[in-house]
Amino acid sequence: MTSIDVQALTKEYGTRRAVDALTFRVLPGRVTGFLGPNGAGKSTTMRLVLGLDRPTSGTATIGGRPYATLDEPLRHVGALLDAEAAHGSRTGRDHLRVLAASNRVSVTRVDEVLAETGLTSVAHRRVRTYSLGMRQRLGIAAALLGDPEVVMLDEPSNGLDPEGIIWLRELLRRLAAEGRTVLVSSHLMNETASFADQLVVLGRGRLLADTPMREFIHARVRPRVRIRTTDGTALTSVLTAHGHDAVRHEDGHWTVPEARVDDIGRLVSAAGVPILELASEEATLEQAYLDLTATSAEFTALHQEA
């Protein structure tokens, strides 16, 4: 089993602690979303895992080994940290051919990943002519080149158009379904919610949460019912009589916190309250994330300054 294991990982730059005693594990067969605002330590942690920075203390291993000890690492770990890393004067295909040659990867694999990432038609253009979205796709192609067991992507949706984001979402799900270990950092909550199974959340270099995404959301966002009526007075009267508080919104709808649709539906129906809309309001990853970070004064202050 090839997992990413981070144990008591700490990284200091002078007096600033970018990563603070971080411990978590990324397992194969699922997509792990790596969340936190800018400056939370996500990119630093990924660089430490990939051996691009030395930790002040602690360890980061892949399959039980430090990245630096892996032979032909592209065959084990594929990573995208910076979409601008490719040399602008090379063609996209030549960029991948150099990487392939250095890791004994067949040139036929280059053409396969170009096709997989939708870059075949621009493979012979110089990278400096690529849009940001095309560079992101090239970076993902490089990450997939060695058919690795572990894939690490830092903000891979930056610059992608809606079609590209849907493609990325499907790619991540497929990689996980194939049993690979997939770690994806992002600050886009709604997008992360569309593909992640597990969440690792950082704040100021510290671990705030490591949990399945659905559990993360449901533990922090309570159920609510959305309701719309032509008789607000009757609605609030019956709800108050049964211990519910209804909140009216500017567009005219009401929400009932800590309530479920079946219960509210029975109450208002029995009371003869005219109903135009009755629905459960789905909890979102963004709501849960904001609830978590709001409990830490230090973290909130950092978020506001960013």
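The values are calculated or read from the model by the stated rules, or taken from the named source; none is laboratory data. All figures in this text were calculated on a predicted structure; none of them were measured in a lab. Please note: Cβ atoms are built from the backbone with ideal geometry, for glycine as well, and neighbour counts cover all protein chains shown.
With segment 177-248 as the region, which strands (runs of 3 or more DSSP E) entirely inside it contain at least 2 residues that are more than 30 Å from L276 (Cβ to Cβ) and of a type in the set (S, T, N, Q)?
Here the list reads 181-186.
So which of T69, T45, T10, T2 is at negative phi and within 16 Å of the chain's Cα centre (by Cα)?
Result: T45 is the single residue among T69, T45, T10, T2 that is at negative phi and within 16 Å of the chain's Cα centre (by Cα).
Can you pull out every residue in segment 24-43 that is in contact with a Gly (Cβ under 8 Å, 6 or more places away or on another chain), under 11 Å from S186 (Cα atoms) and at pLDDT 90 or above?
Within segment 24-43, K42 is the sole residue that qualifies.
Among all residue pairs at least 6 apart or on different chains, which show Cβ distances below 9 Å where the first residue, located in segment 241-255, is among the hydrophobic types (A, V, I, L, M, F, W, C) and the second is modelled with pLDDT of 90 or more and exposed (fewer than 12 other Cβ atoms within 10 Å of the Cβ)?
A246/T240; W254/V247
Taking interchain pairs and intrachain pairs at least six residues apart, which have beta carbon atoms under 9 angstrom, with the first residue in segment 112-130 and more than 19 Å from G146 (Cβ to Cβ) and assigned by TED's automatic domain parsing to the domain that holds A142 and the second part of a loop (DSSP other than H, G, I, E, B) and of a type in the set (S, T, Y)?
Short answer, once both residue conditions are applied: V122/Y130; R126/S89; V127/S89; R128/S89.
Which one of R30, R25, R75, R90 is under 16 Å from the mean Cα position of the chain (by Cα), under 25 Å from A115 (Cα atoms) and surrounded by fewer than 23 Cβ atoms within 10 Å (Cβ to Cβ)?
R30
In the list T181, T192, which residue meets the criterion of being modelled with pLDDT of 95 or more, among the polar types (S, T, N, Q) and buried (at least 19 other Cβ atoms within 10 Å of the Cβ)?
T181 is the lone residue from the list that is modelled with pLDDT of 95 or more, among the polar types (S, T, N, Q) and buried (at least 19 other Cβ atoms within 10 Å of the Cβ).
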